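See below for the structure under consideration.
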């Protein structure tokens, strides 16, 4: 297992491109950061898991449009990126993500904080997410009470 600083830098840049793409309504660009058969799994979205490029692009488009229709601007902030393991052309990555929402007429609020577990594959176009598992941070014992969607995210 040899993890190079270049891996870390490339992943940081990928996460920035992902955040900017989904926050700016560039759904195809967001989906292109996943492999063709990539998966996105999160208990905060009823359609989860989302599998494959077309479905990922449609998911990102709905996410952006739902925010816009509700008068919201969303921002995704990634931090605490830890490359846990490297085996050949596969990386295991854990990170934290803060999702911030601003209502166009009022205030900015933290929608949620999540832990992200990614399995990344090295492709001819660089690293891509093959499997993403999102776990919302919440108090112990309330996971069963998680709504199928949160305000502004349906």
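The values are calculated or read from the model by the stated rules, or taken from the named source; none is laboratory data. Note that this is a predicted model, so its numbers are computed, not measured. A quick note on method: Cβ atoms are made from the backbone with ideal geometry, for glycine too, and the neighbour counts reach across all protein chains shown.
Some points to look at:
- Residue 44 being over 14 Å from residue 130 (Cα atoms) and part of a loop (DSSP other than H, G, I, E, B): yes
- Counting only residues that are more than 12 Å from the chain's Cα centre (by Cα) and surrounded by 12 or more Cβ atoms within 10 Å (Cβ to Cβ), segment 86-99 holds 5 of them.
- Scanning segment 1-27 for residues that are out of contact with any strand residue (DSSP E or B) (no Cβ under 7 Å at 6 or more places or on another chain), surrounded by 14 or more Cβ atoms within 10 Å (Cβ to Cβ) and assigned to a helix (DSSP H, G or I) yields 17, 18, 20, 21, 27.
- Answer residue from segment 94-124, given it is touching a residue at least 24 places away in the same chain (Cβ under 8 Å) and not in a strand (DSSP E or B) and is farthest from residue 34 (Cα to Cα) among those: 105
- Scanning segment 36-45 for residues that are in contact (Cβ under 8 Å) with a residue 60 or more places away in the chain, over 10 Å from the mean Cα position of the chain (by Cα) and surrounded by fewer than 19 Cβ atoms within 10 Å (Cβ to Cβ) yields 37, 43, 44.
- Among the residues of segment 51-78, the one identified as more than 12 Å from the chain's Cα centre (by Cα), within 16 Å of residue 18 (Cβ to Cβ) and not in a helix (DSSP H, G or I) is 74.
- Subset of segment 28-41 (residues that are closer than 20 Å to residue 77 by Cβ and either part of a loop (DSSP other than H, G, I, E, B) or in contact with a strand residue (DSSP E or B) (Cβ under 9 Å, 6 or more places away or on another chain) (or both)): 33, 34, 40
- Any hit, segment 46-63, residues being at positive phi, modelled with pLDDT under 90, surrounded by 15 or more Cβ atoms within 10 Å (Cβ to Cβ) and in contact with a strand residue (DSSP E or B) (Cβ under 8 Å, 6 or more places away or on another chain): no
- Residue within segment 100-120 that is surrounded by fewer than 17 Cβ atoms within 10 Å (Cβ to Cβ), modelled with pLDDT of 90 or more and closer than 17 Å to residue 7 by Cα present: yes
- Residue in segment 126-133 that is surrounded by 11 or more Cβ atoms within 10 Å (Cβ to Cβ), more than 21 Å from residue 48 (Cα to Cα), touching a strand residue (DSSP E or B) at 6+ places or on another chain (Cβ under 6 Å) and modelled with pLDDT of 90 or more present: yes
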